[in-house]
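Shown next, in structure tokens, is the structure this report addresses.
The values are calculated or read from the model by the stated rules, or taken from the named source; none is laboratory data. No experiment lies behind these values; they were computed from the predicted model shown. Backbone-built Cβ (ideal geometry, glycine too); neighbour counts: all protein chains shown.
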There are 2 protein chains.
Amino acid sequence: MPIRLDTASADFAQRFAEFLASKREVSVDVNDKAAAIIADVRARGDAALTDYSRTFDRVDLAALGLRVPDAELDAALASIDAETRAALELAKARIESHHARQRPADDSYTDALGVTLGHRWTSVDAVGLYVPGGTAAYPSSVLMNAVPAKVAGVPRIVMVVPAPDGVIAPLVLAAAKLAGVHEVYRVGGAQAVAALAYGTETIAPVDKIVGPGNAFVAAAKRQVFGKVGIDMIAGPSEVLILADGTASADFVAADLLAQAEHDTAAQSILVTDSDELAAHVTAAVEDMLARLPREEIARASWRDHGAIIKVESLDAAIALVDRVAPEHLEIHAADADALAAKVRHAGAIFIGAFTPEAIGDYVGGSNHVLPTARSARFSSGLSVLDFMKRTSILKCAPDALAVLGPAAMRLAAAERLDAHGRSVAIRTNLPPEGGQ
Amino acid sequence: MPIRLDTASADFAQRFAEFLASKREVSVDVNDKAAAIIADVRARGDAALTDYSRTFDRVDLAALGLRVPDAELDAALASIDAETRAALELAKARIESHHARQRPADDSYTDALGVTLGHRWTSVDAVGLYVPGGTAAYPSSVLMNAVPAKVAGVPRIVMVVPAPDGVIAPLVLAAAKLAGVHEVYRVGGAQAVAALAYGTETIAPVDKIVGPGNAFVAAAKRQVFGKVGIDMIAGPSEVLILADGTASADFVAADLLAQAEHDTAAQSILVTDSDELAAHVTAAVEDMLARLPREEIARASWRDHGAIIKVESLDAAIALVDRVAPEHLEIHAADADALAAKVRHAGAIFIGAFTPEAIGDYVGGSNHVLPTARSARFSSGLSVLDFMKRTSILKCAPDALAVLGPAAMRLAAAERLDAHGRSVAIRTNLPPEGGQ
């Protein structure tokens with residue numbers, strides 16, 4: 001059974017703290033193995049990729065080829081049914097138009113002293129997108145990662161995806177083709193991350209790596225961080241549903257299960273001020289679970305990590321929501337908009353009874369790559385900004401330097417960086433302050 | 001002598017590639033030691049901080065106190081001379097007014113279907129600022145990290161700074177006071193990073209850690225990433241000066257040395273189309289070096305990592321600049337603005353002969369925390385955005401869900417996530433597609 005908490009209980013504070021601290025993933029330390037794989041790929045390039053793919057994916061890249069030919073991408077796109085293709089195209093168009101609004105503006109202004117300040121945004125040159133293989137191969141994730149990169153203007157988007165037993169889901173290749181991915185390689189794991197970061201004979205290195213993966217992929221991304229940029233390290237997914245007595249128990253139960261079916265480590269939380277809703281949702285979950293194809297996964301997630309938290313009022317619950325900092329927050333309540341406006345920490349908020357999280361997963365237009373495991377306290381979902389960077393620009397007129405120079409020289413002297421002070425003094429003909 | 005390259009040489013491409021790949025830091029693997037310290041601080045809290053500080057900093061925190069009392073901050077601010085205080089205040093005011101322009105805008109709009117999309121920016125709740133001790137204790141860095149956090153609206157800004165032999169530079173404490181840092185603790189190293197990430201009896205945990213540090217600090221930041229947010233991992237500083245025959249050799253030489261005096265691992269690069277300028281700069285550097293208090297450091301940096309690269313034209317040099325992706329780029333040339341506009345990868349650009357980088361270090365108003373070691377290819381200097389995060393918001397009117405629902409259900413079916421499809425179907429009364 002999911003955990004039950006009540007803010008009215010004497011031990012609530014302690015039990016809630018324990019709940020927040022509980023780990024949903026067995027943390028496997030694969031750092032040494034990932035490091036060895038990275039070193040090997042740096043040393044042996046494509047040959048190392050071939051060896052690891054034979055071992056881990058039972059595939060012979062020497063025969064099949066590391067790069068997926070364009071013809072194979074075209075064939076994958078041609079192979080999917082018209083309805084699915086139309087759904088992918090709708091998703092792509094909506095993601096594109098929403099993300100286009102995220103393009104940042106440059107700035108340039110000259111202040112009263114004659115100093116021109118500003119910044120200019122430019123795209124990253126080359127991005128690598130990691131896509132997991134097997135059952136977690138989601139075409140929607142390909143779109144959610146590749147389309148913002150495209151909107152940012154990234155000129156080279158590379159995708160890596162493992163091909164266990166030689167197979168890559170055609171939908172994943174079709175989504176890559178639709179999204180305009182430039183190169184696709186059939187390799188996964190830490191070896192794929194190493195190839196993207198350092199390059200091999202076949203794969204030119206990229207500047208930033210995004211996308212989710214298993215523990216090896218996460219460890220490898222952490223290790224190559226600095227050499228290249230990385231996005232967040234994704235953990236298991238979670239939803240918190242804030243609902244009052246007006247909510248539909250069926251809608252709430254369906255959404256808790258849409259989260260739970262992802263993974264046994266996924267987490268679904270209901271926070272409500274209504275005992276009656278809690279009881280109805282509990283019953284509806286049990287009823288729906290029995291009819292789900294992924295019943296076993298969803299049942300384990302709900303049993304081991306699910307929670308129902310009873311609160312005095314939804315207003316008072318906002319502080320709890322902020323402490324959970326959920327990846328997904330749904331609000332089913334009479335005053336959903338007002339409640340949403342009070343939340344500080346959440347990856348995404350889905351407002352009202354007719355906004356199931358699944359809409360955001362596919363066709364809403366906003367990004368479904370969101371901060372997990374409480375990291376919404378300090379990070380944001382994927383956006384166009386993740387594929388761009390800002391160069392700051394400074395230009396002093398000689399008069400401006402004359403006005404600002406003495407203060408800069410004073411601080412340089414205080415920090416005992418005499419050459420800093422002299423680089424100002426030589427232009428302003430002021431005596432250097434150095435040497436104190 | 002610094003390395004000399006010429007794009008006209010037959011072996012230029014290879015030598016330039018080697019130059020880019022050369023390491024300026026001995027990379028010390030301190031991961032295991034940092035991990036042990038983090039584990040110990042998690043287990044023993046303040047007692048561990050006291051033990052490490054006794055060993056590494058020769059200071060008795062049990063006697064002196066972990067937290068620096070407000071009275072000590074006030075006394076530090078009162079102790080500095082009026083001119084230095086005025087310079088710090090000018091720097092703070094300029095940083096503040098420039099960074100205020102970086103505050104991001106919220107967005108909300110309803111599309112033709114009736115879907116409301118948008119995002120809201122909120123500040124991180126608590127930020128930890130790491131400040132190195134000893135000779136690298138720079139009050140300007142305190143301002144550059146704390147002021148943007150303040151502008152972002154961060155309600156709790158915590159600073160940690162080691163106190164070797166019990167001493168913290170009064171200027172650092174004064175800058176913290178001026179910048180409005182809320183809590184200061186006299187502890188450094190991996191133990192300080194662990195305390196910020198996990199908390200101890202005295203130090204409440206923060207959500208994000210920023211600021212430069214030594215190899216232990218960098219390793220610890222990398223390890224706590226995920227539990228908290230971190231900024232970039234800073235490497236040694238660098239400048240690339242792009243100059244034509246109109247440039248002043250003295251200005252160029254002074255700026256190369258302002259970079260070189262930071263650290264023996266710092267790097268100063270001159271790229272020019274003028275043999276005459278190159279010769280004059282070489283002579284001026286030698287001349288100025290002999291008169292610098294930090295001659296030894298600057299000389300080692302220039303000798304071991306300095307470079308003069310001869311190009312056919314500055315226009316043709318832009319591609320080289322982008323490959324270096326320098327932290328600081330100065331342009332001393334007749335058409336400096338036009339050249340600056342063509343650069344894609346640089347942390348900051350300083351345009352024209354009267355914009356020495358030192359102005360940006362102190363009082364220009366832009367941030368001096370910039371991406372080093374070629375990471376301007378994928379990351380930006382510190383800004384207000386580093387202390388905020390974006391919550392995305394989605395709201396469907398029932399009609400909008402009816403229109404988008406079928407495509408979402410199609411994709412859910414394609415990904416075999418039936419509960420996702422059902423969460424839509426239950427609201428739209430469409431037959432679920434699941435189970436295929």
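Listing for the model above:
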| read-out | value |
| --- | --- |
| Wholly enclosed helices (runs of 4 or more DSSP H) of segment B:22-123 bearing at least 2 residues crowded, with 17+ Cβ neighbours inside 10 Å | B:31-44, B:46-57, B:70-79, B:82-100 |
| Only listed residue being under 30 Å from A:A283 (Cβ atoms) and more than 25 Å from the chain's Cα centre (by Cα), chosen from A:A8, A:A43 | A:A8 |
| Set B:I209, B:I203: member being within 26 Å of A:I233 (Cβ to Cβ) and in a strand (DSSP E or B) | B:I209 |
| Selection from segment B:395-418 of residues that are surrounded by 24 or more Cβ atoms within 10 Å (Cβ to Cβ), touching a Gly at 6+ places or on another chain (Cβ under 8 Å), facing chain A (nearest Cβ under 7 Å) and of a type in the set (A, V, I, L, M, F, W, C) | B:C396, B:L404, B:A408, B:A412 |
| Residue within segment B:384-400 that is over 27 Å from B:W121 (Cα atoms) and among the aliphatic types (A, V, I, L, M) present | no |
| Test set (1) away from every other protein chain (no Cβ under 14 Å); (2) out of contact with any helix residue (DSSP H, G or I) (no Cβ under 8 Å at 6 or more places or on another chain); (3) not in a helix (DSSP H, G or I) - A:R291 fails condition number | (1) |
| Lone qualifier among A:P139, A:P212, A:P155 - being modelled with pLDDT of 95 or more and surrounded by 21 or more Cβ atoms within 10 Å (Cβ to Cβ) | A:P139 |
| Matching residues in segment A:381-409 - criterion: being of a type in the set (S, T, Y) and out of contact with any Ser or Thr (no Cβ under 8 Å at 6 or more places or on another chain) | A:S383 |
| Single unsatisfied condition, A:D304 versus (1) over 30 Å from B:A325 (Cβ atoms); (2) facing another protein chain (nearest Cβ under 7 Å) | (2) |
| The listed residue being free of Cβ contacts under 8 Å to residues at least 60 places away in the same chain and farther than 30 Å from B:A126 by Cβ, out of A:A325, A:A260 | A:A260 |
| Residue in segment A:223-233 that is within 20 Å of A:F56 (Cβ to Cβ) and in contact (Cβ under 8 Å) with a residue 12 or more places away in the chain present | yes |
| Residues of segment A:165-187 that turn out to be farther than 18 Å from A:A204 by Cα, out of contact with any Phe, Trp or Tyr (no Cβ under 8 Å at 6 or more places or on another chain) and not in a loop (DSSP other than H, G, I, E, B), as a count | 11 |
| B:A278 being small (G, A, S) and either crowded, with 19+ Cβ neighbours inside 10 Å or touching a His at 6+ places or on another chain (Cβ under 8 Å) (or both) | yes |
| Filter pass, B:D60 being over 29 Å from the mean Cα position of the chain (by Cα), assigned by TED's automatic domain parsing to the domain that holds B:V158 and acidic (D, E) | yes |
| Flag if B:R427 is under 30 Å from B:L143 (Cβ atoms), of a type in the set (K, R) and touching a residue at least 24 places away in the same chain (Cβ under 8 Å) | no |
| Where a residue in segment B:184-201 is at positive phi and its partner, wherever it lies, is among the aliphatic types (A, V, I, L, M), with Cβ under 9 Å and at least six apart | B:G189/B:A34; B:G189/B:I37; B:G189/B:V217; B:G189/B:A220; B:G199/B:V206 |
| Enumeration of residues in segment A:124-136 that are closer than 18 Å to A:P164 by Cβ, hydrophobic (A, V, I, L, M, F, W, C) and either more than 11 Å from chain B (Cβ to nearest Cβ) or surrounded by 23 or more Cβ atoms within 10 Å (Cβ to Cβ) (or both) | A:V131 |
| Only listed residue being in the same structural domain as B:A265 (by TED's automatic domain parsing), under 30 Å from A:D125 (Cβ atoms) and part of a helix (DSSP H, G or I), chosen from B:A300, B:A317 | B:A317 |
| Cross-chain or 6+ apart pairs with Cβ under 7 Å, segment A:336-354 first and over 24 Å from B:P406 (Cβ atoms), then part of a loop (DSSP other than H, G, I, E, B) and of a type in the set (D, E) | A:G347/A:E327 |
| So A:R58, is it more than 27 Å from B:G226 (Cα to Cα) and among the basic types (K, R) | yes |
| Conditions (1) part of a loop (DSSP other than H, G, I, E, B); (2) at pLDDT below 95; number of the one not met by A:R222 | (1) |
| Condition met for A:H119 (under 16 Å from the mean Cα position of the chain (by Cα) and over 24 Å from A:A215 (Cα atoms)) | no |
| Residue in segment A:341-349 that is more than 10 Å from chain B (Cβ to nearest Cβ), crowded, with 22+ Cβ neighbours inside 10 Å, of a type in the set (A, V, I, L, M, F, W, C) and closer than 19 Å to A:A373 by Cα present | no |
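Listed here are the residues, each with its yes/no results for (1) closer than 17 Å to A:P2 by Cα; (2) surrounded by 24 or more Cβ atoms within 10 Å (Cβ to Cβ); (3) in contact with a Ser or Thr (Cβ under 6 Å, 6 or more places away or on another chain); (4) free of Cβ contacts under 8 Å to residues at least 12 places away in the same chain.
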| residue | (1), (2), (3), (4) |
| --- | --- |
| A:A220 | no, yes, no, no |
| A:L240 | yes, yes, no, no |
| A:F251 | no, no, no, no |
| A:A265 | yes, no, no, no |
| A:L270 | yes, yes, no, no |
